[in-house]
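Colleague: One structure, as structure tokens, below. Some questions next.
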């Protein structure tokens, strides 16, 4: 789990507390502040999820490139050996 994902969840929880407190004491500004914090928190959580997905994709791409490089090197060795046999 990415840092932004955790921070976003915390912001959402904080916003829910503010929203509930605003409803209980009858403070519309506090209630709306809480709703706003929840929206910001959800956006931050989504950003964290995207960052996590990007990191996984980058890691997978790196493994794919390494595998391709290994295949190319093996093929080059085989071609070199075959060329020596032909001469």
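Read the figures in this text as sums done on the coordinates, not as results from a lab. Small disclaimer: the values here were computed from a predicted structure and weren't measured. In this analysis, Cβ positions are derived from the backbone assuming ideal geometry, glycine residues included, and neighbour counts consider all displayed protein chains.
Colleague: For the pair residue 72 and residue 1, what calculated FRET efficiency results from E = 1/(1 + (r/R0)^6), where r is the Cβ-Cβ distance and R0 = 35 Å, to the nearest 0.05? Please list the in-between numbers first.
Modeller: Details: r = 36 Å, r/R0 = 1.04.
My answer for the efficiency is 0.45.
Colleague: Let me ask you something else. Return the single residue from 37, 45, 58 with maximal mean-square fluctuation; model: Gaussian network over the chain, springs between Cα atoms under 10 Å.
Modeller: Sorting by GNM fluctuation, first place goes to 58.
Colleague: Further question on the same structure: Please identify, among 62, 36, 52, the residue showing maximal mean-square fluctuation in a Gaussian network model of the chain using a 10 angstrom Cα cutoff.
Modeller: Of 62, 36, 52, the Gaussian network model singles out 62 as fluctuating most.
Colleague: Considering the chain as a Gaussian network with a 10 Å cut-off on Cα pairs, which listed residue, 46, 20, 71, attains the greatest mean-square fluctuation?
Modeller: Ranking 46, 20, 71 by mean-square fluctuation puts 71 first.
Colleague: Now a separate question. Kindly put 54, 11, 47, 86 in sequence by how many other C-beta atoms sit within 10 Å of each C-beta, fewest to most.
Modeller: Details: 54 11, 11 20, 47 15, 86 6.
Listing 54, 11, 47, 86 from fewest to most nearby Cβ atoms yields 86, 54, 47, 11.
Colleague: Now, a different point. By how many degrees, between 0 and 90 and to the nearest 10, does the Cα long axis of helix 3-25 differ from the longest principal axis of the chain?
Modeller: Taking Cα atoms only, the helix is inclined about 10 degrees.
Colleague: Another one. Against the longest alpha carbon principal axis of the chain, how many degrees, from 0 to 90 and to the nearest 10, is the axis of helix 28-86 turned?
Modeller: Compared with the principal axis, the helix lies near 0 degrees.
Colleague: While we're here: Rounded to the nearest 0.05, what FRET efficiency do residue 49 and residue 20 have when you use their Cβ-Cβ distance and R0 = 22 Å?
Modeller: Working: r = 26 Å, r/R0 = 1.17.
It comes to 0.30.
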